[in-house]
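> First the structure, which I've put down as structure tokens, then a few questions once you've had a look.
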Amino acid sequence: MTNSSVSTRATVEEFLARRLEGDPERTAALFAGTVDWLIAENPAVPWIRPRSTRADVADHWRDLAAGVAPDEGNSVESFVVDGAEAVLTGWLAGTVRFTGKSFRVPFAMRLTVEDGLITRFHVYEDSLAVAAACEAS
């Protein structure tokens, strides 16, 4: 494994640990000042919107925590690193706080790490299932 791959893996592992801690500021501190951010926009999901700065990233984690209670079933099943690039796949699960509806969706995440900071954060998920959980009955 190259030094770059080792650094990338360490940064992504730290990102995952900080996400579990639930501190938006500590999580955002692992991101560069400017971030290539992509989660497909979905008007039914209030925490999903364009982001581009470290402050935006902290806001995302705050908005997500306000909107979703994590459920059992969150998992990373695959974690592949090649130099500065990392790809994770697994499952996201939660209950939308304002509807009480749960979701469990597969995801893929692509991250790029440069100088120990995340510069790219792309998430591909079943956004229709998440949107359905956000809709009132």
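> Gaussian network model of the chain, Cα springs within a sub-10 Å range: biggest mean-square fluctuation belongs to which of S102, S127, S78?
S78
> Normalising by the residue count of the range 75-125, find the relative contact order in percent from Cα pairs under 8 Å and 6+ residues apart.
28 percent
> Note down the net charge around E114, summing +1 for each Lys or Arg and -1 for each Asp or Glu among other residues with Cβ under 12 Å from its Cβ. Show your work: numbers first, answer last.
Details: positive: R120; negative: D36, E85, D115.
Result for the neighbourhood of E114: -2.
> To continue, here is another question. Express the relative contact order of the chain as a whole percentage, based on alpha carbon pairs under 8 Å and six or more residues apart in sequence.
26 percent
> Could you give the distance between the Cα centres of the range 67-137 and the range 9-36, to the whole Å?
14 Å
Every number here is computed from the coordinates shown, using simple stated rules; none is lab data. Quantities reported herein were computed from a predicted structural model and do not represent experimental measurements. Methodologically, a virtual Cβ is constructed for each residue, glycine included, from the backbone with ideal geometry; neighbour enumeration extends over all protein chains shown.
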